[in-house]
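Reading through the structure tokens given below for one structure.
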Amino acid sequence: MATLIHSLSDHSDDVNYCAFSSSCLATCSLDKTVRVYSLSDFAELPYSPLRGHKYAVHCCCFSPSGRVLASCSTDGTTALWDTRDGRRLAVLGQPRASPVRVCRFSPRDTCLLAGAADGSLVLWNVRSLRLYRSGNVKDGSLVACAFSPNGNFFVTGSSSGHLTIWDDKMRCLYNEKAHDLGVTCCDISSNPVSDNENGFKYFQMASCGQDNQIKLWLILFADFLGVELKYKCTLNGHSAPVLACAFSYDGQMLVSGSVDKCVIIHETSTGNTLRTLSQHTRYVTTCAFAPHSHLLATGSMDKTVHIWQLDLKQPCAGNTVETESKVAVEDWSEDDVSAWLCAQDLADFVGLFKVNNIDGKELLNLTKEGLANELKIESLGLRSKILQKIEELRMTMISVSVPFPDEFLCPITRELMKDPVIAADGYSYEREAMEHWISNKRRSSPMTNLPLHSLTLTPNRTLKMAITRWLETQQK
């Protein structure tokens, strides 16, 4: 059903988002760029990449006409680009300059919604480029949003786990605690799925979160009755936090991407899993269906975007699952270990490991003493490099089976902290990441964008001990 037809690997850092227009695919990344490709041959357009954001680009989206592309960033701005020549049309600054996490055009092509880390949300008038309305969610960062098909309402999701429904006057109409550990994404299908006895049209909405769940909802948008939200069901196919979800253009399928590195295609009418795709080697951060076609794009922290062609001529049988074979590390053969060594730029040790019959289980049990005394690797530097790679492999195994608690992740890199420090803004960061942030003459908080009154970094020994204890419990 799903055939991988193309892979894009132009970004030099994590891919955060991808979006389709009728003729183009846009991707954005932690590398501060937005890239635009033609759907005819997946060649990058001459004006791509788009550069202008100072920090990571978190989200991008096309206007309904496809003539304008919006992108938003940690730098506290949302930029508008002309898709014909790549010209930057405007830079829209978020109130209080908070990092902008998500942006979305209204279906009518009149407004642009931008949501930020401080919980602020802004509706911009696309024609005048002026602020039309602004508001705030009650708690947490604003991380997800979706418009109703008529554009009169929109839904936001926050890191506190709430889904909130607003009208286009920025009035809060409904609030629901949807995901215990925080919402990560939401989407609304443009096709009505059912009518009640009064003939009102309901639409499907999907939300996903840090609780590993995808929830399907039925939502009623009626100008004269307000809104109504009904829980439909929960999809539990992922084994780790779900970071992205999106409906197909006809509403018959829902795709999701997760920290478990998998992409799952669900049948919305039944909730069944149609296919599971396991091509990505790190967290899947974004997924999107093309409008009016069966192209699917998935992006990941592995710096790649995969393009899939869905062949719906082949019938989808219930719970048929198409999963690439992935062998657990402890079950690796000696040849698997050899392949891993080559991938880690350690090919010189393939012969030595084979002579000593190092399979997956032996690899995970290797110690500093074993490398020195049993494998006779004399160089301290080489022993350290091998042990570091093995430790990274162990961490990967843990992250797949049990997601890291969010408070253990650096807000800048979103990786597990090894040397956490407390900055003047009160947040904890990985020392190397924060020092790099400061070395680039940034004098504002990565979390709030407010000025840092001091550049002193204080070791967070309590957090470091908590991380160490947690890792020890996972390895038992």
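The values are calculated or read from the model by the stated rules, or taken from the named source; none is laboratory data. In this text, all values refer to a predicted model and were calculated from it rather than measured experimentally. Here the Cβ positions follow ideal geometry from the backbone for every residue, glycine too, while neighbour counts run over all protein chains shown. SASA here: full protein model, heavy atoms, side chains in, ligands and nucleic acids out. Shrake-Rupley method; radii C 1.70, N 1.55, O 1.52, S 1.80 Å.
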Are any residues in the range 13-45 more than 16 Å from the chain's Cα centre (by Cα), open to solvent by 40 Å² or more (accessible area, probe 1.4 Å) and in contact (Cβ under 8 Å) with a residue 24 or more places away in the chain, and if so, which ones? Ser22, Ser23, Glu44
Does Asp419 satisfy being open to solvent by 30 Å² or more (accessible area, probe 1.4 Å) and either touching a Cys at 6+ places or on another chain (Cβ under 8 Å) or modelled with pLDDT of 90 or more (or both)? yes
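Restricting attention to the range 370-382, does a residue exist that is under 21 Å from Thr281 (Cα atoms), outside the structural domain of Thr281 (by the TED database) and over 31 Å from the mean Cα position of the chain (by Cα)?
Checking the range 370-382: not a single residue is under 21 Å from Thr281 (Cα atoms), outside the structural domain of Thr281 (by the TED database) and over 31 Å from the mean Cα position of the chain (by Cα).
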Just name the residue that is modelled with the lowest pLDDT out of those in the range 334-343 that are under 30 Å from the mean Cα position of the chain (by Cα) and open to solvent by 50 Å² or more (accessible area, probe 1.4 Å). Ala343
For Ser63, are the conditions met, namely being farther than 26 Å from Ser159 by Cβ and open to solvent by 20 Å² or more (accessible area, probe 1.4 Å)? no
Of the residues in the range 421-476, those that are in contact (Cβ under 8 Å) with a residue 60 or more places away in the chain and hydrophobic (A, V, I, L, M, F, W, C) come to Met447, Leu450, Trp470, Leu471
Kindly indicate which of Thr27, Thr83, Thr77 is touching a helix residue (DSSP H, G or I) at 6+ places or on another chain (Cβ under 9 Å), of a type in the set (Ser, Thr, Tyr) and assigned by the TED database to the domain that holds Asp187. Thr77
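Step by step: first the residues of the range 4-47, then only those that are polar (S, T, N, Q) and touching a Gly at 6+ places or on another chain (Cβ under 7 Å), then the one that is farthest from Ile265 (Cα to Cα). Which residue is that?
Ser23
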Neighbours by Cβ (under 6 Å, 6+ apart or cross-chain): first from the range 176-194, free of Cβ contacts under 8 Å to residues at least 12 places away in the same chain; second among the acidic types (Asp, Glu) and outside any strand (DSSP E or B): none
Given the residues Arg469, Arg443, which is the only one that is within 26 Å of Arg96 (Cα to Cα), open to solvent by 30 Å² or more (accessible area, probe 1.4 Å) and among the basic types (Lys, Arg)? Arg443
The listed residue being touching a Phe, Trp or Tyr at 6+ places or on another chain (Cβ under 6 Å) and under 24 Å from Val137 (Cβ atoms), out of Leu69, Leu121, Leu92: Leu92
Residue pairs meeting the criteria (Cβ under 8 Å; at least 6 apart or on separate chains; first on the phi > 0 side of the Ramachandran plot, in the range 126-141; second among the hydroxyl-bearing types (Ser, Thr, Tyr)): Gly140/Ser158; Gly140/Ser159; Gly140/Ser160
Considering only residues that are in a loop (DSSP other than H, G, I, E, B) and within 15 Å of Gly135 (Cβ to Cβ), look in the range 157-176 and name the one that is least open to solvent (accessible area, probe 1.4 Å). Met170
Within the range 443-466, how many residues turn out to be out of contact with any strand residue (DSSP E or B) (no Cβ under 7 Å at 6 or more places or on another chain) and either part of a helix (DSSP H, G or I) or not assigned by the TED database to the domain that holds Glu432 (or both)? 4
Would you check which residues across the range 71-105 are surrounded by fewer than 20 Cβ atoms within 10 Å (Cβ to Cβ) and basic (Lys, Arg) and list them? Arg84, Arg87, Arg88, Arg96
Taking His266 and the conditions (1) over 18 Å from the mean Cα position of the chain (by Cα); (2) modelled with pLDDT of 90 or more; (3) farther than 26 Å from Phe62 by Cβ, which numbered condition does it fall short on, given that it satisfies the others? (3)
Yes/no for Tyr132 being in the same structural domain as Tyr17 (by the TED database), of a type in the set (Phe, Trp, Tyr) and open to solvent by 40 Å² or more (accessible area, probe 1.4 Å): yes
